[in-house]
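**Q** Mind having a look at this structure? Questions to follow.
Just so you know, all these numbers are worked out from the coordinates, no wet-lab data involved. In this text, all values refer to a predicted model and were calculated from it rather than measured experimentally. FYI the Cβ positions are ideal-geometry reconstructions off the backbone, even for glycines, and counts take in every protein chain you see.
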Amino acid sequence: MRHTELFTKTRRDAPSDEVAKNAQLLIRAGYIHKEMAGVYDLLPLGLRTFNKVVGIIREEMNNIGGTELHLSALQSPENWRKTDRWDDEKVDNWFKTSLRQGGELGLGFTHEETLTALMREHISSWRDLPTYPYQFQTKFRNEARAKSGLMRTREFVMKDLYSFSRSTQEHDVFYAACGDAYERIFQRVGLGVLTYKTFASGGSFSKYSHEFQALSAAGEDTVYVSKEKKIAINKEVLNDEVLADLGVTRDELTEEPAIEVGNIFSLGTRFSETLGLTYKNEDGESVPVVMGSYGIGPARVMATVAEVFADEKGLVWPVAIAPFRAHIVEIPGSEDVKKEAEELYSSLMEAGIDVLYDNRDARAGEKFADSDLLGIPVRIVVSEKTLAAGKFECVERATGHTTQKSVSGLIQTLS
Ligand code: ATP
Ligand code: MG
């Protein structure tokens, strides 16, 4: 992409009401726009990074047998009444609306009810199980707090997968596989070292659920961590029994703020029994389906990465989710410089490398500052100086490490 095609502008200051570092940086760099508290738009750069996160999650979900679908955001109260989750007294974050001819509607904050009811039409025999539908779908939640930027918004896309299994044993196998897939996802987006599979409250059907908590000062959660043993426990469930279960002592753990980037949850037969999702087993008996739910918020993941890797100059993206692999920065000079930069851009594009080309007619200082703020992993400088040297200057955003490279050298490093 040529910078002149990118309509977004960088800005010196974030809106004065924006307190979260992730949103401040993403707004200043032109990745997102703040619509109102807790509601943001994804602009072209933001959408590219978001889509890369989504792509990684999709690959890993497909790898463990997930099947993608897309459910509606508008929900009729019927199924929610059955599970006792319609009443505002029971669920405090509903956004509700009504039909013109009368009758209430809800904007879904999760999809257990709808999907369980829907699956009654598709699951009848043991042969239909197990199955793992998932989606990337917009949730609406009337969150009380909206002070963490993209990490906690009132409208957000969630990857939610639901598992339908014949037995708890079968469920447990998938639950573990999904946990492993989550580890790979957080590794791939760059949060591997920071993210802990954390013991959390299990609800009524299992002793624990697991949250994937990325350690960060910006986190709203508190976890107790043993970095040595790679064990983490959510503060909400920390007690002697949990410590004994996990074979750790309280003084081996340190208290850390953390961001819940994902979670996996055993639901047992809570929804299937209530909504009548059963199957005929091999003996011809009717049995409720065993379920689990598995969520990740791609924008929260993106915000977490923005937050933890940023430096004083701006964003710093890991290659896997950067909006572009490289940023060509042309320092305006002679026509030869422009020609050289254009040729480099074409060569990299032909080699299949995602590159943003700053072809604007602007001062070097401004271009470098923008390039730092945008956080694309590699900057390639084209100037009178590099032209004279016969090599391009290649600067790693994360480390500042600088090398001189030819076109073929660049293609080799970047592909
Ligand atoms: P939290 O405790 O942070 O409110 P949650 O328990 O409500 O999270 P789930 O309902 O299980 O989380 O949602 C699954 C995932 O969706 C979370 O792990 C998180 O990554 C993401 N998520 C949840 N709420 C939000 C939100 N308000 N904005 C952005 N992402 C969210
Ligand atoms: Mg929540």
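**Q** Scan around I259 for amide H atoms under 5 Å from its own, H built in the peptide plane at 1.01 Å from N, and keep only partners 5 or more places away or cross-chain.
**A** For I259, whose amide H was placed from the backbone, the distant partners under 5 Å are A214, L215, S216.
**Q** Taking amide H atoms as placed 1.01 Å from N in the peptide plane, list the residues 5 or more away in sequence, or in a different chain, whose amide H sits under 5 Å from that of G190.
**A** It is none; the list stays empty.
**Q** Ignoring the sites themselves, what is the longest stretch of the chain with no GluC sites (Glu not before Pro) in a DSSP loop and at most 14 other beta-carbon atoms within 10 Å?
**A** 313-415
**Q** How high is the relative contact order of the chain, in percent, with contacts defined as C-alpha pairs under 8 Å that are six or more residues apart?
**A** The normalised contact order for the chain reaches 16 percent.
**Q** Given the chain, what percent of its DSSP beta bridges are antiparallel, to the nearest 5?
**A** Here the antiparallel bridges make up roughly 80 percent for the chain.
**Q** Evaluate the Kirkwood expression for the hydrodynamic radius of the range 324-414, namely the inverse of the mean inverse distance over all pairs of different C-alpha atoms, and round to one decimal in Å.
**A** 12.8 Å
**Q** Separate question: Cα-Cα over 30 Å: which of K34/K385; K227/K367; K159/K313; K207/K230; K34/K313; K21/K367?
**A** Violating the 30 Å limit, Cα to Cα: K34/K385; K227/K367; K159/K313.
**Q** Around G202, which amide H atoms from residues at least 5 apart in sequence, or from another chain, sit under 5 Å from its own amide H, with H modelled in the peptide plane?
**A** Amide H to amide H, under 5 Å and 5 or more residues apart or across chains, G202 pairs with S209.
**Q** Quick check: the distance between the Cα centres of the range 46-67 and the range 105-125, to the nearest angstrom?
**A** Result: 22 Å between the Cα centres.
**Q** Using each residue's phi in the range 268-278, evaluate 6.51 cos²θ - 1.76 cosθ + 1.60 at θ = phi - 60° and report the 3J(HN,Hα) Karplus result to the nearest Hz, with x for Gly and Pro.
**A** x, 10, 3, 7, 5, 5, 5, 9, x, 9, 10
**Q** Using Cα pairs under 8 angstrom and six or more residues apart, how large is the relative contact order of the range 324-414, in percent?
**A** 34 percent
**Q** As an exercise, identify the trypsin sites (Lys or Arg not before Pro) in the range 264-370 lying in DSSP coil whose Cβ has no more than 15 other Cβ atoms within 10 Å.
**A** K313, R363
**Q** Right, something else. Restrict the search to the range 44-94; then list the trypsin sites (Lys or Arg not before Pro) that DSSP places in a loop and that have at most 13 other Cβ atoms within 10 Å of their Cβ.
**A** Answer by residue number: K90.
**Q** Would you please classify the overall shape of the range 10-67 from the alpha carbon gyration tensor, given that a ≥ b ≥ c denote the square roots of the eigenvalues, rounded means a/c under 1.5, and beyond that prolate means a/b larger than b/c while oblate covers the rest?
**A** The shape class here is prolate.
**Q** Relative to the Cα centre, what is the charge dipole magnitude of the chain, using +1 at the beta carbon of each Lys and Arg, -1 at the beta carbon of each Asp and Glu, and rounding to the nearest 20 debye?
**A** The dipole magnitude comes to about 720 debye.
**Q** Right, another one. Considering only C-alpha atoms, what is the centroid distance from the range 127-169 to the range 227-242, in Å?
**A** Using only Cα atoms, the two centres lie 24 Å from each other.
**Q** Can you list the HN-Hα couplings for the range 388-404, worked out from phi with the Karplus curve (6.51, -1.76, 1.60; θ = phi - 60°), rounded to whole Hz and with x for Gly and Pro?
**A** Working through the residues one at a time gives 5, 6, x, 9, 8, 8, 10, 10, 6, 4, 5, 10, x, 4, 10, 9, 10 Hz.
**Q** Okay, moving on. Under the Karplus relation 6.51 cos²θ - 1.76 cosθ + 1.60, θ = phi - 60°, what is the ordered set of whole-Hz ³J(HN,Hα) values for the range 158-164, x standing for Gly and Pro?
**A** With the stated coefficients, the range 158-164 comes to 10, 8, 10, 10, 10, 9, 10 Hz.
**Q** Here is a follow-up. What distance in nm separates the two pseudo spin-label positions at S98 and R363, each 7 Å out from Cα along the beta-carbon direction?
**A** According to this spin-label approximation, the distance is 5.9 nm.
**Q** Kirkwood Rh and Cα-based Rg: tell me the resulting Rg over Rh for the range 142-217, rounded to two decimals.
**A** We get a ratio of 1.01 for the range 142-217.
**Q** Rounded, prolate or oblate: which fits the range 235-344, taking a ≥ b ≥ c as square roots of the Cα gyration tensor eigenvalues, rounded meaning a/c under 1.5, else prolate when a/b beats b/c?
**A** oblate
**Q** While we're on this one: Translational D (Stokes-Einstein, µm²/s) of the chain at 20 °C and 1.002 mPa s when Rh comes from the Kirkwood sum over C-alpha pairs?
**A** 91 µm²/s
**Q** Projecting each Cα onto the charge dipole of the range 324-414 (Lys/Arg +1, Asp/Glu -1 at the beta carbon, about the Cα centre), which of T399, A351, F368 comes out farthest on the positive side?
**A** Comparing the listed Cα positions along the dipole, T399 ranks first.
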